[in-house]
1. Tell me yes or no: at least one residue of the stretch 161-177 is part of a strand (DSSP E or B) and modelled with pLDDT of 90 or more.
2. Out of the stretch 33-89, which residues are β-branched (Val, Ile, Thr) and either over 20 Å from residue 176 (Cβ atoms) or at pLDDT 85 or above (or both)?
3. Which residues, counting only those in the stretch 166-194, are in contact with a Ser or Thr (Cβ under 7 Å, 6 or more places away or on another chain) and more than 21 Å from residue 117 (Cα to Cα)?
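The values are calculated or read from the model by the stated rules, or taken from the named source; none is laboratory data. A quick note: this is a predicted structure, and the numbers were derived from the prediction, not measured. Counting neighbours? That spans all protein chains shown, and the Cβs are built from the backbone with ideal geometry, glycine included.
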Amino acid sequence: MRLLPVSLVIAIAAICFTASATAAPPTHSTATLESTAALRDTNGHIRQTWHKTGPVDQKMTVGEKIPKPYAAFPGCMDVNNKIKEHAYDPIFGYTYWVYHEDLHWCWGFGGITSFDTTVYFSDVGTGWVNDDPRHGFLAYYYTWQGNVKGGRYVYRQGKIEECAAILCAWTIGAMYPYIKLWVNAGPWYTWTGDTNS
């Protein structure tokens, strides 16, 4: 068996490390928030949809123009919130990864009657490994409009690591995207998120 010269191995490692370091997100990337929602009636028919985008770490509210008495009528919401981490290049933009939170909740008579949430990564680019979408979690109900289950707070955090070499022999850092969400018994929610906590 013939081994590569040590100098060649060191040179390859240096090139891989340099290429990876120049693409490191803290200095050459940007992140955005995006939310898509659909209001459904009790028969599952879509009554209204929303789509909003914005910068990270800024609260985004959906459904704010719908009157509050709407909570007295049963309904459901389907929502996809996501944080997209991508390279800042106006011509050759590159997505590092996208962190998603899918939500479904229903309400009736002023309270939340069911609530489901799922988190996952998609569009994971080269040089990113060991994605753990369920790295952190916290959730609880709160009183809203006089109902003890009128609102729900959910915090979800993921973890994804950046490789230092083409074969991902070791990692050089990690990012921890998170989403904070406030849901009410009706078609209203507020959320925010960022790439590190």
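1. no
2. Within the stretch 33-89, 36, 42, 46, 49, 53, 61, 62, 66, 79, 83 meet the criteria.
3. 172, 175 - these are the residues of the stretch 166-194 that are in contact with a Ser or Thr (Cβ under 7 Å, 6 or more places away or on another chain) and more than 21 Å from residue 117 (Cα to Cα).
Condition check ((1) surrounded by fewer than 16 Cβ atoms within 10 Å (Cβ to Cβ); (2) aromatic (Phe, Trp, Tyr); (3) over 23 Å from residue 57 (Cα atoms)) across all residues:
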{"residue": "133", "(1), (2), (3)": "no, no, no"}
{"residue": "145", "(1), (2), (3)": "yes, no, yes"}
{"residue": "153", "(1), (2), (3)": "yes, yes, no"}
{"residue": "176", "(1), (2), (3)": "no, yes, no"}
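The rows are residues; the columns are (1) on the phi < 0 side of the Ramachandran plot; (2) touching a residue at least 40 places away in the same chain (Cβ under 8 Å).
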residue: 102; (1), (2): yes, no
residue: 107; (1), (2): yes, yes
residue: 111; (1), (2): yes, yes
residue: 123; (1), (2): no, no
residue: 129; (1), (2): yes, yes
residue: 133; (1), (2): yes, no
residue: 136; (1), (2): yes, yes
residue: 142; (1), (2): yes, no
